Amino acid sequence: MPLSAPITPGTVDWTGENPGILLKDDSGAFTAMALFFRVAWSPVGQGQVLWLYGSPASQVGTPDAPNIVLADNVDLANYLKSNFVGRLGVFRDAPAFERMTPCLAQAVRSSGDPMSHRYAETIAGEGVSVELVWEDLERPRALELTPDQVGTGAHTMFTLLVAARSAQIIVNGRALPGEVGSRVQAGLETTTAFLYFSETWVIPPGTE
């Protein structure tokens, strides 16, 4: 195991759920990217946030494929942009990143069962309804990762990973193009569609 001490040193950044879907075309380019956050604790409170690049290669999305942030806690959305999403290279380097400002989410709900075949999160606001759907779910894996093994490069992270072999990002009833791809996390072969439960991000001592 990467860590052996019963009490993890450092500062808790946030804890909660953080599922995502990254879809690709045949060339391997991203066609749509979504991260969802259901945060149980952070320095700026609880909340739920959707970060969606419906048009990841463009500064401005389209009505059918928007680049949008929906949140029921705007302070949390801004906090995650600075402290978390902005540390993830593929999201930070997208042309739309600097333009992404949170809009108010009016409804958020989950459905399905992560122990079964299908799980979904639905987020609506600003005239947009987004459904994230994960299917063909794999068995859960417990992960305990060090900063060099996570996308931010700055956290110790604990989580339960349930990978999905297929997934959809549906905007106002229309599925965005692309397919689930493969990726490697800390030597583990997995996919670009994932459910992360009981996820806690800790900033190690001396790096705050």
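Some notes on this structure:
- When residues in the stretch 14-32 are screened for being among the charged types (D, E, K, R), within 30 Å of VAL202 (Cβ to Cβ) and surrounded by fewer than 19 Cβ atoms within 10 Å (Cβ to Cβ), 0 of them pass.
- Conditions (1) within 27 Å of THR190 (Cα to Cα); (2) exposed (fewer than 13 other Cβ atoms within 10 Å of the Cβ): number failed by GLN59: (1)
- Restricting the stretch 85-97 to residues that are in a loop (DSSP other than H, G, I, E, B) and in contact with a strand residue (DSSP E or B) (Cβ under 7 Å, 6 or more places away or on another chain), the residue that is surrounded by the fewest Cβ atoms within 10 Å (Cβ to Cβ): ALA96
- Boolean, LEU160 is surrounded by fewer than 17 Cβ atoms within 10 Å (Cβ to Cβ), touching an Asp or Glu at 6+ places or on another chain (Cβ under 8 Å) and either over 19 Å from THR11 (Cβ atoms) or at pLDDT 95 or above (or both): yes
- Test: residue in the stretch 98-107 that is surrounded by 13 or more Cβ atoms within 10 Å (Cβ to Cβ) and farther than 17 Å from LEU35 by Cβ: yes
- Scanning the stretch 135-158 for residues that are touching a Leu at 6+ places or on another chain (Cβ under 6 Å) and under 23 Å from LEU70 (Cβ atoms) gives a single hit, GLY151.
- Only listed residue being without any contact (Cβ under 8 Å) to a residue 24 or more places away in the chain and exposed (fewer than 15 other Cβ atoms within 10 Å of the Cβ), chosen from ALA175, ALA120: ALA175
- In the stretch 123-157, the residues that are β-branched (Val, Ile, Thr) and buried (at least 17 other Cβ atoms within 10 Å of the Cβ): ILE123, VAL128, VAL130, VAL133, VAL150, THR152, THR156
- When LEU76 is tested against (1) over 17 Å from the mean Cα position of the chain (by Cα); (2) surrounded by 13 or more Cβ atoms within 10 Å (Cβ to Cβ); (3) among the aliphatic types (A, V, I, L, M), only condition (1) is not met.
- Scanning the stretch 22-30 turns up no residue that is at positive phi, under 18 Å from the mean Cα position of the chain (by Cα) and not hydroxyl-bearing (Ser, Thr, Tyr).
- Taking first residues from the stretch 74-90 that are touching a residue at least 40 places away in the same chain (Cβ under 8 Å) and partners that are assigned to a helix (DSSP H, G or I) and surrounded by fewer than 19 Cβ atoms within 10 Å (Cβ to Cβ), the Cβ contacts under 9 Å between residues at least 6 apart in sequence or on separate chains come to LEU80/GLY86; VAL85/ARG92; VAL85/PHE97.
- Residues that are of a type in the set (Ser, Thr, Tyr), in contact (Cβ under 8 Å) with a residue 40 or more places away in the chain and over 17 Å from THR192 (Cβ atoms), drawn from the stretch 32-57: SER55
- Check on SER182, farther than 17 Å from ALA34 by Cβ and either basic (Lys, Arg) or modelled with pLDDT of 95 or more (or both): yes
- Pick from the stretch 37-81, criterion among the aromatic types (Phe, Trp, Tyr) and out of contact with any Gly (no Cβ under 8 Å at 6 or more places or on another chain), ranking: nearest to PHE91 (Cα to Cα): TRP51
The values are calculated or read from the model by the stated rules, or taken from the named source; none is laboratory data. Predicted, not measured: the structure shown is a model, and the values here were computed from it. As a convention, Cβ positions derive from the backbone with ideal geometry for all residues, glycine included, and neighbour counts pool all protein chains shown.
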